[in-house]
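Read-outs throughout are calculated quantities, based only on the coordinates presented, and are distinct from any laboratory measurement. In this text the structure is predicted, and so the values were computed from the model without any measurement. Because the Cβ atoms are built from the backbone with ideal geometry, glycine has one as well, and the counts that use them run over all protein chains shown.
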Amino acid sequence: GIQVEQSPPDLILQEGANSTLRCNFSDSVNNLQWFHQNPWGQLINLFYIPSGTKQNGRLSATTVATERYSLLYISSSQTTDSGVYFCAVEEGGSYIPTFGRGTSLIVHP
Amino acid sequence: NAGVTQTPKFQVLKTGQSMTLQCAQDMNHNSMYWYRQDPGMGLRLIYYSASEGTTDKGEVPNGYNVSRLNKREFSLRLESAAPSQTSVYFCASSAVKNTEAFFGQGTRLTVV
């Protein structure tokens, strides 16, 4: 099956800093999503982005499907951005979102 | 709009006991999934149902059974719980393949 690797595994920031999270995948995909798991464990949809670039406030994401990676940008980070960020992909012909192991982000005030 | 609802939110079982985790979605989605999340492992697929009446194994199906009761509901059953099944379980749904998936709030299960 498809392999999904996220980097870095851990990230610690001061409030106000910018960051880039990366998701690499081993095969072509028809679907890619970014999720934020908050400290209460809830998985929140951030972006549905199989290709191209999207922005939502301080967050933006870019997927370059031909090169098999996606990037999540967080600008002017806030303490509420803390949590784990997951990338999930769905390879061609599959119904199954496959997750990476996530990037754990801590934002200090 | 409730989205994906899981019950219960917390459960403690003794080894060997059985239980069923319930999941319901109100978005008229075709596909439903059960995942487990363990520390450092991300989410791993247990079973999925691409449409009403079908179920298939995922990456870690051993020790579990599922039922797609109707289009709305997809249950996960542990017949004889083991400590290795201590985990957080998530149910998810999506309209069809290649569309956005939505997750329930999770069930934290402890087997002692």
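Computed values, structure above
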item: Table column - 3J(HN,Hα) (Hz), region B:29-45, Karplus curve with 6.51, -1.76, 1.60, x for Gly and Pro; result: 7, 7, 9, 9, 9, 10, 10, 10, 10, 10, x, x, 10, x, 9, 10, 6
item: Shielding by other protein chains, B:35-42, mean Cβ within 10 Å; result: 4
item: Computed FRET value (nearest 0.05) for B:Asn65 with B:Asp26, which takes r as the C-beta separation and R₀ as 25 Å; result: 0.55
item: Calculated FRET value between A:Thr66 and A:His108, using beta carbons and R₀ = 22 Å, to 0.05; result: 0.05
item: Inter-label distance, nm, simple model (7 Å from Cα along the C-beta direction), B:Met19/B:Val96; result: 3.7
item: Net lengthening on full extension, B:Glu73/B:Ser51 (0.36 nm per residue, minus Cα-Cα); result: 6.8 nm
item: Relative contact order of chain A, pairs being alpha-carbon contacts under 8 Å that are 6 or more residues apart, as %; result: 37
item: Inter-probe distance in nm under a simple model that places probes 7 Å from Cα toward Cβ, at B:Val112 and A:Ser26; result: 4.0
item: Virtual paramagnetic centre 7 Å along Cα→Cβ of A:Ile12, amide N under 19 Å, in region A:76-109; result: A:77-85, A:103-109
item: Convex hull volume of chain A per residue (C-alpha atoms, cubic angstrom); result: 86
